[in-house]
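K.L.:
Sending over a structure as C-alpha cells; questions will come in a sec.
The values are calculated or read from the model by the stated rules, or taken from the named source; none is laboratory data. Computed from a prediction, not measured in an experiment: that's the story for all the values here. We place every Cβ from the backbone using ideal geometry, glycine too, and count neighbours over all the protein chains shown. Note: areas computed on protein heavy atoms with side chains; ligands, DNA, RNA excluded. Shrake-Rupley method; radii C 1.70, N 1.55, O 1.52, S 1.80 Å.
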Amino acid sequence: MKIRIALLAAVALTGLLSACRSTTGEHAVESGTDTVDASLPTQLPRTAIPSHYAIEVTPHAQDLTFDGKAAIDLKVIKTTRDLVLNAADLAISQATLTPNGGQPVAAQVSLDADKQTATFAFPTDLKPGEYKLDIAYRGKINTQANGLFALDYTNVDGQPARSLFTQFEAADARRFVPSWDEPDYKATFDLTARVPAKDMAVGNMPSAASKDLGNGLKEVTFQQTPVMSSYLLFFATGDFERITKQAAGREVGIVMSRGNGDKARYALDAEAQILPYYNDYFGRPYPLPKLDNVAGPGGSQFFSAMENWGAIFTFENRLLLDPAISSEADKQAIFGVEAHEMAHMWFGDLVTMAWWDDLWLNEGFASWMANKTTQHFHPDWGGDIDQVGDREEAMALDAFATTHSVVQTIRTVEQANQAFDDITYEKGQSVISMLEGFAGADVWRQGIRAYMAKLAYKNSRTSDLWAAIEGAGAKGLIAVARDFTTQPGIPLVQLGSARCVNGRTVVPATVGQFSNDRRQQAAASPLTWHVPIRATAGAGSPSLQVTQGHSVTLNAPGCGVLLINPGQTGYFRVLYNAEQADALRRAFPKLRPVDQFGILSDAFALGNSGYQPLSRALDLLATIPADAHAKVAGTGSGDWLRLFRAMDGNAAAQAAIRNHAAAAYWPRLQRLGFAPRDADSPLDALLRAELIASLGEVGEPHVVAEGRRLLAALQHDPKAMPGSLKTAWLGVIAENADARTWEALHQMAASARGATERSTYYHLLGLAKDDALARRALDLSITKEPGATVSAGIIASAAENHPTMALDFVLSHLAQVTPFIDLASSSRFVGSLVEDSGDATVISKLQSYAAAHIKPEDRRPINHAAARIRWKADNQPRIQREIVAWLKAHPANG
Ligand SMILES: [Zn+2]
C-alpha cells in the first residue's frame, strides 16, 4: 500500500495524453472529481482540484534515485495565491503554472517536510478556472516498501539483481509525485517510464507504446487510467516474466522475476477463476482491460499485498507456489490473498472510502469477500471456521480499553497507517458476516450491487453502504450496523436459568460488555448494542431476536441442549450458567465443527479473563473427539501448545501437558503419517503440518526423533525433507537448536536461491530457545547479510521466545534497526515485539521509547501493547494456578 513522480516538456505530454484518452473506452467519459466535500478532514487547503496527472519517471536504480516530471491539469475553485500539494522526500527543481489559454508563470516552491507538503506560490492571485501545473523533480528510491522502492534478489542465473516497485497506500504517492494525495481527490493518470531496454515495465494499464531510446533505455507509455485515488497508482520494472490467461473478456496475468513462471500457475488459475465470480457478484464487469498481479521478492512488516488498480502487488511468499518451501497453508493463503486484493478492484478502487475514517469499508469488505469466495470455490477448506478464527483475532484486540471502533477518527498519516489493524480487517469482516446473515445473502448482494452502481468512480462513506443494503430490503439493519461500527468493544450475553415452555426453551439473558482489562467498569456501565442473537435448543431453525437494551428473554425452539449463536456469525461472547455449560460439554462431540470451534474459543476467553473457571475450557479441550474436523483438531493441539507455553518454568506441568497433547493428537498424526501422501485432502495436509509443529514444540518424543532424523538426512540429501513440511519441521528444529544445528540452518539460509526460501530460513534462526543463539540471530539481523527486507523478520521471530531480549536489542541498536522497518510500521514494530509478553518491566521501556520517538497522538499501538502486557502480568499467576489444579485432577496417560 504506498508511491512517487515528475514531468516532461508539457507540449509533448499533452499530445500523448489526448491520443491515449481516445483509446480508454468506458472511463474516457468519466471525469475527475470537480467538487470537494468540505466536511472531510484534510491536510490540504480546499482551493484546487486535480483532474489529470501526466507523469514521467526515469529511475536510476543503482543510485537509488529517480527523475520525475508531472503535468497536472487542475481547477482552482477558490481565489488563492498558492497551491499546496503533498510531497515527501522530493527535490523540486522547476515549476510553472499555465492558465488555460494563457502564458506559463514560474512558481516559488517551498517544502514542509513535517507536513509533507510542497507550496507553489505565485506573484498574483489565481482566479477560479483551469490550469496546468508543470513540475520537474528528483526523488529517492527506498529500500523498504514505501514510495518507489527496490528489492534486491539473486536471479535465475545466480547473479545479484534489483527490481523496482511502488507502494503508495496509505499516503506515499507523495514520495513519487507531488500530488493531492488524499483518497477523495480522484483523477486520471498517464504514466511514462524510461527503463533499461531489456527490462519489463508494468503499470495499472496496458502499455500504449514502447520506444527504443537507443542509449540502452526504452520509453514505455501506459494507457490512461480511469479516475482513481492517488494511492492506487502503480509502477514496476525489472527483469520480469509475465504469464497470462483470458478470463471473462479480460487478460489476467502474473508478473514475476524471470525464471519463476512455473511457480505462478496456481495464482494465475485462481485469478482467472475469481474474476467472473466477482463480475457477477458486484453486478458490473471489472472495468480495466487487464489485471496483473506482480510478485516482489522480499517482505514487509506492514503488508503482504496491495490492490493497485489493474496491477496488484504481492510479495512472492503470498503469490508464488515454490515446491521447495511452500506448504498447504501457503497455498490456501495465496488463494485468500488474491481473492482479497481482487475484491478491492471494486470495493476500494472503483468505489473508494472518502477518508481513512472509513478504511474498514475497503478492508473489512475485502476480507469478508475473500472468505466468502474461498468457501464458494473450496468448500472443503473449512472457511466457515477460519471466519470464526478471524473473529477471535479481532476480539483479542477489542477486549482491551485501548481498542477503537470500526469507523474511527483519523487525523494524521501515522494514524492512517495504524488503521490497518485487526479491528479494521477482522472485526470489519466479522460484522459484515453478521449483517449478511441478518439481511439474508440475496438481499445483501442486491444492496452491494446498488451501492456499486450508485458510487462507481466516486467516494463513499459507511452510511452509503447501510442505506443501500437497507434500501434493498434489510429492514432494521442500520440500527445493528451502527452500534457495531461506531462503538468499540464486544457484547457479552450472559444466560440465566432456562425453562421449557410448550416445546421451546425460554431463557432470560443480560446483554453486557466483555472486557479483559476493565471488567468492573464494563459491568457497571456497559455499552449498549442492538445484538442479533440466534438460539436453538435442538428443534427446528434457530430463532433470531434483536436485543434492545441490557436484558432480553430468549426463546429458542426445542427443549434440548441450548446453543446460542449457532454458526458463530454473531460478534459477541456467550456466558452459559454451569448447568448449561455441562450439557453443552456432553453434547460437544456431536456439535458442528464451527460451533465446537466457537464455543471453545469463548470458553478460553471467558476463562482467561476470569468470567468463569478456566476448567470449563480445559474440560472442553479434553472432550474434542479423536476424529474431530481437522480445523478443530488443529486448534485443540494449538491450545495445548499455548498452555505449555503458559507453564514455562514449571517442568512438571509441562510434562503433564505434553502427555495430554500426545494422548490426544499423536495417534492422529500417526494415521496421517509423517510424509505427504497423494490421497491427502487439503485439510489432512494442513493438519499434518500443524500437528508436527505443535507436538514438536511440546516435545512429543516421536516427533522430536523424526525431526532429528530428517535434519541429519538433510545434510546429505537436500530433498530429504518434503518442501511442503519444511516450515513445520525446521520450525521445531530451529526452536530446539544447539549451536551446530543453528549453524547448519544458517548455511541453508545463506545458500538458498529462492527469495521465499531464503527469508524463511533466515527468520527461523531467530526462533532458537537458547539465549546465546537468539542473541546471535539478533546480531546477524543488523548485518548486511540477510538483506534489507529480511532483517526485521529475524528480530520479530527472536521476540517470540525472547521478547525482552529482542526489545532491549532494538532499543540499544535503534540507528541500525530503523532502516529495516518500513515507514508504515514504524510506530508499531517495537510494541509488537513484546505485546504477548507477561514481563511488566518492559512497559516502562516502551513508554520511554514512545516519549522519545512517537508523537502523543500516535501512541495507541504502544499503549495497547502496554495494556496487554499489564493484563497478562496481572492474570498469569491465576491462570497458571487454574491450569495446575486441572492437570492434577485430570492425569493423562503419557
Ligand atoms: Zn485489503
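K.L.:
Select, from ALA798, ALA788, ALA792, the only residue that is in contact (Cβ under 8 Å) with a residue 40 or more places away in the chain and part of a helix (DSSP H, G or I).
P.N.:
It is ALA792.
K.L.:
Take the residues in region 305-318 that are in a loop (DSSP other than H, G, I, E, B) and under 21 Å from ASP239 (Cα atoms); name whichever of them is nearest to the ligand (Cβ to nearest atom).
P.N.:
Among residues in region 305-318 that are in a loop (DSSP other than H, G, I, E, B) and under 21 Å from ASP239 (Cα atoms), the one nearest to the ligand (Cβ to nearest atom) is ASN308.
K.L.:
In region 824-836, how many are among the polar types (S, T, N, Q) and not in a loop (DSSP other than H, G, I, E, B)?
P.N.:
Residues flagged as among the polar types (S, T, N, Q) and not in a loop (DSSP other than H, G, I, E, B) within region 824-836 amount to 2.
K.L.:
If you don't mind, another one. Filter region 689-734 for residues that are farther than 21 Å from HIS660 by Cα, open to solvent by 10 Å² or more (accessible area, probe 1.4 Å) and in contact with a Leu (Cβ under 7 Å, 6 or more places away or on another chain) and give the result.
P.N.:
ALA720, GLY731, ILE733, listed by residue number.
K.L.:
Can you name every residue in region 694-732 that is small (Gly, Ala, Ser), in a loop (DSSP other than H, G, I, E, B) and either touching an Asp or Glu at 6+ places or on another chain (Cβ under 9 Å) or over 24 Å from ASP330 (Cα atoms) (or both)? Spell out how you get there, then give the answer.
P.N.:
Taking region 694-732 as the starting set, the residues that turn out to be small (Gly, Ala, Ser) are 694, 696, 699, 705, 707, 712-713, 720, 723-724, 728, 731.
Still in the running and in a loop (DSSP other than H, G, I, E, B): 699, 720.
Answer for region 694-732, where residues must be small (Gly, Ala, Ser), in a loop (DSSP other than H, G, I, E, B) and either touching an Asp or Glu at 6+ places or on another chain (Cβ under 9 Å) or over 24 Å from ASP330 (Cα atoms) (or both): just GLY699.
K.L.:
Conditions: (1) crowded, with 19+ Cβ neighbours inside 10 Å; (2) more than 15 Å from VAL407 (Cβ to Cβ). PHE484 meets all but one. Number of the miss?
P.N.:
Failing condition for PHE484: (2).
K.L.:
Same structure again: Pairs please, first residue from region 346-375 and closer than 17 Å to THR462 by Cβ and open to solvent by 10 Å² or more (accessible area, probe 1.4 Å), second anywhere and within 9 Å of the ligand (Cβ to nearest atom) and in a helix (DSSP H, G or I), Cβ atoms under 8 Å, 6+ apart in sequence or on different chains.
P.N.:
Filtered contacts from region 346-375: SER367/HIS340; SER367/TYR425.
K.L.:
Only one of (1) away from the ligand (no atom under 16 Å from the Cβ); (2) open to solvent by less than 10 Å² (accessible area, probe 1.4 Å); (3) in contact with a Leu (Cβ under 7 Å, 6 or more places away or on another chain) is not met by ASN293, so which one is it?
P.N.:
That leaves (1) as the condition not met.
Residues are listed down the side, and each one gets a yes or a no for (1) on the phi > 0 side of the Ramachandran plot; (2) over 22 Å from the mean Cα position of the chain (by Cα); (3) not in a helix (DSSP H, G or I):
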| residue | (1), (2), (3) |
| --- | --- |
| GLY838 | no, yes, yes |
| ALA850 | no, yes, no |
| ALA865 | no, no, no |
| ARG870 | no, yes, no |
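K.L.:
Would you check which residues across region 235-273 are in contact with a Leu (Cβ under 9 Å, 6 or more places away or on another chain) and closer than 21 Å to TRP346 by Cβ and list them?
P.N.:
Listed by number, the residues that qualify are LYS245, ALA247, ALA248, ARG250, GLU251, VAL252, GLY253, ILE254, ALA267, GLU271.
K.L.:
Only one of GLY299, GLY253, GLY283, GLY261 is in contact (Cβ under 8 Å) with a residue 12 or more places away in the chain, in contact with a strand residue (DSSP E or B) (Cβ under 7 Å, 6 or more places away or on another chain), open to solvent by 10 Å² or more (accessible area, probe 1.4 Å) and away from the ligand (no atom under 16 Å from the Cβ); which?
P.N.:
Working: GLY253 fails: open to solvent by 10 Å² or more (accessible area, probe 1.4 Å); GLY283 fails: in contact with a strand residue (DSSP E or B) (Cβ under 7 Å, 6 or more places away or on another chain); GLY261 fails: open to solvent by 10 Å² or more (accessible area, probe 1.4 Å).
Answer to the selection: GLY299.
K.L.:
Let me ask you something else. Being modelled with pLDDT under 95 and either part of a strand (DSSP E or B) or closer than 15 Å to VAL501 by Cα (or both) is the requirement here; does ALA556 meet it? Steps first, please.
P.N.:
Details: modelled with pLDDT under 95: no; either part of a strand (DSSP E or B) or closer than 15 Å to VAL501 by Cα (or both): yes.
No, not satisfied.
K.L.:
Hey, does region 132-141 have a residue that's open to solvent by 30 Å² or more (accessible area, probe 1.4 Å) and farther than 30 Å from SER826 by Cα?
P.N.:
yes
K.L.:
Between a residue in region 468-483 that is assigned to a loop (DSSP other than H, G, I, E, B) and any residue that is of a type in the set (S, T, N, Q), which pairs come within a Cβ distance under 7 Å, given they are 6 or more apart or on different chains?
P.N.:
ALA472/GLN446
K.L.:
Residues in region 42-75 that are open to solvent by 30 Å² or more (accessible area, probe 1.4 Å), assigned to a loop (DSSP other than H, G, I, E, B) and either at pLDDT 95 or above or not basic (Lys, Arg) (or both): how many?
P.N.:
Residues meeting the conditions: 4.
K.L.:
Report yes if ALA578 is without any contact (Cβ under 8 Å) to a residue 12 or more places away in the chain, surrounded by fewer than 18 Cβ atoms within 10 Å (Cβ to Cβ) and on the phi < 0 side of the Ramachandran plot, otherwise no.
P.N.:
Yes: the conditions hold for ALA578.
K.L.:
Name the residue, out of THR789, THR783, that is open to solvent by 10 Å² or more (accessible area, probe 1.4 Å), in contact with a strand residue (DSSP E or B) (Cβ under 7 Å, 6 or more places away or on another chain) and at negative phi. Outline the logic, then answer.
P.N.:
Details: THR783 fails: in contact with a strand residue (DSSP E or B) (Cβ under 7 Å, 6 or more places away or on another chain).
Answer to the check: THR789.
K.L.:
Regarding region 101-113, can at least one residue be identified that is under 30 Å from LEU151 (Cβ atoms) and open to solvent by less than 20 Å² (accessible area, probe 1.4 Å)?
P.N.:
Scanning region 101-113 turns up no residue that is under 30 Å from LEU151 (Cβ atoms) and open to solvent by less than 20 Å² (accessible area, probe 1.4 Å).
K.L.:
If I ask for residues that are within 23 Å of SER39 (Cβ to Cβ), in a helix (DSSP H, G or I), of a type outside the set (A, V, I, L, M, F, W, C) and more than 11 Å from the ligand (Cβ to nearest atom), which ones from region 331-378 would you list?
P.N.:
ASP357, ASP358
K.L.:
Of everything in region 414-445 that's more than 16 Å from the ligand (Cβ to nearest atom) and open to solvent by 40 Å² or more (accessible area, probe 1.4 Å), which residue is nearest to GLN520 (Cα to Cα)?
P.N.:
Out of the qualifying residues, it is PHE438.
K.L.:
Ok, one more. Looking at region 810-826, which of the residues that are open to solvent by less than 10 Å² (accessible area, probe 1.4 Å) and within 22 Å of the chain's Cα centre (by Cα) is nearest to ARG870 (Cα to Cα)?
P.N.:
Quick first cut of region 810-826, residues open to solvent by less than 10 Å² (accessible area, probe 1.4 Å) only: 810, 817, 822, 824-825.
Still in the running and within 22 Å of the chain's Cα centre (by Cα): 822, 824-825.
Working: ASP822: 28, ALA824: 26, SER825: 23 Å.
Among those that are open to solvent by less than 10 Å² (accessible area, probe 1.4 Å) and within 22 Å of the chain's Cα centre (by Cα), it is SER825.
K.L.:
Let me ask something else. Which of (1) outside any helix (DSSP H, G or I); (2) open to solvent by 20 Å² or more (accessible area, probe 1.4 Å) is the odd one out, the single condition HIS404 does not satisfy?
P.N.:
Against the list (1) outside any helix (DSSP H, G or I); (2) open to solvent by 20 Å² or more (accessible area, probe 1.4 Å), HIS404 comes up short only on (2).
K.L.:
Identify all residues within region 521-553 that are closer than 15 Å to GLY496 by Cβ and either aromatic (Phe, Trp, Tyr) or open to solvent by less than 10 Å² (accessible area, probe 1.4 Å) (or both); write none if there are none.
P.N.:
ILE533, ALA535, ALA537, THR547
K.L.:
Right, something else. Do you know which of the residues in region 319-330 that are touching a Gly at 6+ places or on another chain (Cβ under 9 Å) and not hydroxyl-bearing (Ser, Thr, Tyr) is nearest to the ligand (Cβ to nearest atom)?
P.N.:
This residue is LEU319.
To keep it simple, each residue is scored yes or no on (1) under 28 Å from the mean Cα position of the chain (by Cα); (2) in a loop (DSSP other than H, G, I, E, B); (3) touching a residue at least 12 places away in the same chain (Cβ under 8 Å).
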site	(1), (2), (3)
ALA121	no, no, yes
LYS132	no, no, yes
TYR137	no, no, yes
LEU148	yes, no, yes
TYR153	yes, no, yes
VAL156	no, yes, yes
ARG162	yes, no, yes
ARG174	yes, no, yes
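K.L.:
If I ask for residues that are within 15 Å of the ligand (Cβ to nearest atom) and among the basic types (Lys, Arg), which ones from region 379-413 would you list?
P.N.:
Those that are within 15 Å of the ligand (Cβ to nearest atom) and among the basic types (Lys, Arg): none in region 379-413.
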